[in-house]
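The values are calculated or read from the model by the stated rules, or taken from the named source; none is laboratory data. Here the structure is a predicted model, which means the values were calculated and not measured. Note that we place each Cβ from the backbone using ideal geometry, even for glycine, and neighbour counts take in every protein chain shown. Heads up: the accessible areas ignore ligands, DNA and RNA and are worked out on the full protein's heavy atoms, side chains in. Shrake-Rupley method; radii C 1.70, N 1.55, O 1.52, S 1.80 Å.
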Amino acid sequence: MSTLVHALRHAAATSRAEHVFLRPDGTERRVRFDELFEEAQGYGAGFLAEGARPGDRVALIVPDPDAFVPAFLGALVAGLVPVPLYPPSSVIKLTAYGSTVSHVLRKAGAKLLLLPRSQRELLGELLTAAAPETRIVEIEALPREHRSIDVSPRPDDVALLQFTSGSTSAPKGVVVTHAQLAANGRSIMFDGLRASGDVDRGVSWLPLYHDMGLIGFVVAPIFALVPVVFLPTSSFIRRPSSWLAAIHKHRGTITFAPNFAYALATRAIKDRDLAGWDLSCLRVAGCGAEPISAPVLRAFADRFAPAGFRETAYLPAYGMAEATLALSFSPLGRTLRTDRVDPRALELGEATPSTDENAAEIVGCGVALPGTEIRIVGEDGSVLGDRKVGEIVVRGPSIATGYFDDEEATKATFGGGFLRTGDLGYLDGDELFVSGRKKDLIILRGRNYFPQDIETVVAQVDGIAEGGCVAFASKLPPSDEESLVIVAEAPLREGRFEALEAAVKERVYETSGLVVGKLVLIRRGTLPRTSSGKVRRAETKRRFVEGELSLSGEREHVDDHRAENEG
Amino acid sequence: MNNEELFALFREVVQSIEKRPLEDVTPDSVIADLGIDSLGMMEIVGELESRLDVMIPDDQLVKLRTVADLLGVVQKRLEAR
């Protein structure tokens, strides 16, 4: 059976299509499939020259798609296992980043770490400390003589490791084999998108160290010989118009982005930018990786309809790294399908249709890709019927093998024949609706954060006890956007709140880059817990939303106190 | 463009992106204290780049602590043009 490496060889031999790499400085680099294959072989040969042996893991901190794509493919071509890592950001403290890198390198047992010189200089000693067993190789110094590598991976060989969770706590490496990679890559292109190299062109600014960008735009298109225009992620964030401008200029037909990006584009792109655009070429505007908001998608469609954007291009999808990437796709060319349901009933496990103005509007994520089975199960594992809310569990040819070197987590998530996604949802016939995120996972701006990581850091602040706080995401006024909320057991001391709040905000910010939207102090001992003492995050959030938390120091008492003291 | 003008531009850009007034911001303000997350930071940098017609590589944005640090990087790019 044919793996990605075979598909790349085939593309190199038969296709004249060109990938386009848009660089941060605005220049473009066009690379045909045969050139890409040659570059990949150069990287592969370089990795082998640096001591990597078949099956060895090669970590990559390569922010520019221009270098990332050939380096990633190069590892595969040489029979190695690439492990993409995210680069340091402008806000997270480097020490926290160094800690994550250290975890990943150690967990993956990485033989090599490839990165550009500029990144190495930036990280300095942090890197040496983080990678005692890993050989650090600068891209600029990698020996890349042209050499024909003739490796043919077998279907059950590990293809890559996708590390989930971007924070300091034990990140887990999803093990994806060549068979799983090819199954998902092909399914995405042929079943989901009906893509063809003759007519399609992908456009993506997605981070390539994350599944939607990596599998969706680096891997999958090769199976269908579809060329892609790659923009660096930070280029999009700085200038959101660059995304749509690229679609217009290169006549892009397929793009994907998380919900927040559609919102960002709607608010940041100016009339003068969209003036000359014709976006009618875009037949697929995919959306995934985080909860999808119908109002956000409608606002984007309204804003860009004058530029030719078609609402029928929307393609909400559902998936995760543990399934390689894609699990369900909306049918092509369908207008946005949403379901209006009673929010109370939803919480209690029933998706009851409602026409009330308070109805929750959930966007349909389509149907399972052929060969993939999606079920909704209750707490006891029993299969639930239509419109009953439960955990989404899946099985199929693209489900990953498990987590690298983590038997316990693998058993918990993958054991029992079905992948437990941890997401809540329901089925209406074949259509999947995702109604709740992974039980406690915080998803902000398309990225996942484990509440435990944030809570550990908050508990380091003087005045807040270990295990005495809870983190979750919630819509906050006035923007109604999801924000980070921290509820902590701590007394409300006279004039000390601001200092405590500042300390909490700083700690969270420098370790995760997240801004705390609201800090709520509650009386000691009032955080809801299970009988074994574990905090109940969902219940805490519910009380926050309903105004049922036992707040520290009622306002009146504080004011009285102040009046007394000022006397 | 001198430092005062650049700072004034920075304030204006931040206020237009964050849609809220920025109280008590000075060049010595620590960026982390401004309540702007990484996304917001990139948007602000993008807008400054656009208005000033400069380009600031990502790796120069990593070790910034104060507003003055950021504006210093911008100023260097302006001078290099």
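For the reader, a short list of remarks on this structure follows.
- Accessible-area order (highest first, 1.4 angstrom probe) of the listed residues A:Thr27, A:Thr164, A:Thr421: A:Thr27, A:Thr164, A:Thr421
- The heavy atoms of A:His19 present about 10 square angstrom of accessible area, all protein chains included, probe 1.4 Å.
- If you take the Cα centroid of the stretch A:236-291 and the Cα centroid of the stretch A:428-491, the two points sit 28 Å apart.
- Potential lengthening between A:His6 and A:Arg542 on full extension [0.36 nm per residue; Cα-Cα distance subtracted]: 187.8 nm
- About its Cα centre, the dipole of the protein assembly as shown is roughly 1380 debye, where the only charges are +1 on Lys and Arg Cβ and -1 on Asp and Glu Cβ.
- Cross-link partners of A:Lys111 among aspartates and glutamates, defined as those whose alpha carbon lies under 15 angstrom from its own and excluding same-chain residues fewer than eight positions apart: A:Glu50, A:Asp56, A:Glu133, A:Glu138.
- Chain A: antiparallel DSSP beta bridges as a percent of all, rounded to 5: 60
- A:Lys172 - accessible surface, heavy atoms, 1.4 Å probe, Å² rounded to 10: 50
- Taking 7 Å steps out from each Cα toward its Cβ at A:Glu501 and A:Arg272 produces label points 3.8 nm apart.
- 0 to 90° range, to nearest 10: angle between helix B:67-80 axis and chain B longest Cα axis: 20
- Cross-link reach is defined here as a Cα-Cα straight distance under 26 Å, omitting same-chain residues fewer than 8 places apart; for A:Lys518 the lysines meeting it are A:Lys93, A:Lys438, A:Lys439, A:Lys475, A:Lys505, A:Lys534, A:Lys541, B:Lys19.
- Paramagnetic reach from A:Glu121 in the stretch B:42-72 [backbone N under 14 Å; point 7 Å along Cα→Cβ]: B:57-63
- Counting Cβ atoms of other protein chains within 10 Å of each residue's Cβ and taking the mean over peptide B:57-65 gives 6.
- Here the sum of -39500 (n - 2.57) over DSSP H runs of 4 or more residues, divided by the residues of chain A, equals -9500 deg cm²/dmol at 222 nm, to the nearest 500.
- Accessible area buried, both sides summed, chains B and A with 1.4 Å probe, Å²: 2100
- Farthest toward the positive end of the dipole of chain A, out of A:Tyr97, A:Ile215, A:Tyr43, is the Cα of A:Tyr43, where the dipole comes from beta carbon charges about the Cα centre.
- A:Thr352 exposes around 60 Å² of accessible area when a 1.4 Å probe is run over every protein chain in place.
- Modelled this way, with points 7 Å down the Cα-to-C-beta line, the labels at A:Asp380 and A:His146 are 6.7 nm from one another.
- Calculated FRET value between A:Asp405 and A:Thr27, using beta carbons and R₀ = 35 Å, to 0.05: 0.25
- The simple spin-label model puts a point 7 Å past each Cα toward its Cβ; for B:Met1 and A:Arg135 those points are separated by 4.6 nm.
- Reported to the nearest whole Å, the Cα centre-to-centre distance from the stretch A:330-389 to the stretch A:77-146 is 41.
- Heavy-atom surface of the stretch A:338-439, accessible at 1.4 Å and reported per residue (Å²): 50
- Taking amide hydrogens as placed 1.01 Å from N in the peptide plane, the amide H of A:Ala17 sits under 5 Å from those of A:Phe33, each at least 5 positions away in sequence or on another chain.
- Stretchable slack from B:Asp24 to B:Glu12, in nm (0.36 nm times residue separation minus alpha-carbon distance): 3.0 nm
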